[in-house]
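K.L.:
My questions all concern the structure below.
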Amino acid sequence: MLIADLDAQNLEKTILESLPFSLGFYVRYVDDIALSMQEENIVNLLNMFNTISRLNFIMKRSGNCLNFLDVTLVKKDDYLIYDWYYKLSFSARYLNFRVTQDAIKWGQL
C-alpha cells in the first residue's frame, strides 16, 4: 500500500502539473482516484497514467453517478448531490471505539 501511495504522489506531481486541460475536481485516497473532466480527454489522461506508472490504472465510467470510498456522487444539472454508498458486503455492524484488541481476542465483545 505504501508503494502505491508513493507512486500515486509521483504521478500527481508529474502528470497533473503538465496537463494541457483542466480537471473539474481531483481527489485521491491511497490508490483510488476520482476526478471530473471533459469527455474528449479521458483516454489521453488514462494513457498518461499508465505510461508513467508501474501501476495499472483502469477507468470505471458510470454516467452521472460515481461511487468513491463510502460516498455516492450524483451529477444533477449543475450540482453534485452526495449520499452514503454501501458495498454489497456491508453488514451494518460497528465496533465500539472503547473496545480493545484484548476484548476482541477473548470474546468479550
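K.L.:
Which order, highest average first, do 62-70, 19-27 follow once you tally other Cβ atoms within 10 Å for each residue and take the mean per peptide?
P.N.:
Going from most to least packed, we get 62-70, 19-27.
K.L.:
Explain nothing, just compute: Karplus ³J(HN,Hα) = 6.51 cos²θ - 1.76 cosθ + 1.60, θ = phi - 60°, for every residue of the range 17-34 in order, whole Hz, x for Gly and Pro.
P.N.:
Computed from phi, the couplings for the range 17-34 are 6, 10, 5, x, 9, 9, 9, x, 7, 8, 9, 9, 10, 6, 10, 9, 10, 10 Hz.
K.L.:
Which of the peptides 77-88, 30-41 is most tightly packed, and how do the rest follow, going by the mean number of other Cβ atoms within 10 Å of each residue?
P.N.:
Numbers: 77-88: 9.2, 30-41: 12.8.
By packing density, highest mean first, the sequence is 30-41, 77-88.
K.L.:
While we're on this one: Can you compute 3J(HN,Hα) from phi for each residue in the range 82-96, using the Karplus curve 6.51 cos²θ - 1.76 cosθ + 1.60 with θ = phi - 60°, rounded to whole Hz and x for Gly and Pro?
P.N.:
Each residue of the range 82-96 in turn: 10, 8, 5, 10, 10, 5, 4, 7, 4, 10, 6, 9, 10, 8, 5 Hz.
K.L.:
Can I ask one more? Got the relative contact order for the range 2-61 handy, in percent, Cα pairs under 8 Å and 6 or more residues apart?
P.N.:
32 percent
Here, each number is a calculation from the coordinates, and none is a lab measurement. Since we're looking at a predicted model, the values are computed, not measured. All Cβ positions, glycine included, derive from the backbone under ideal geometry; neighbour counts span all protein chains shown.
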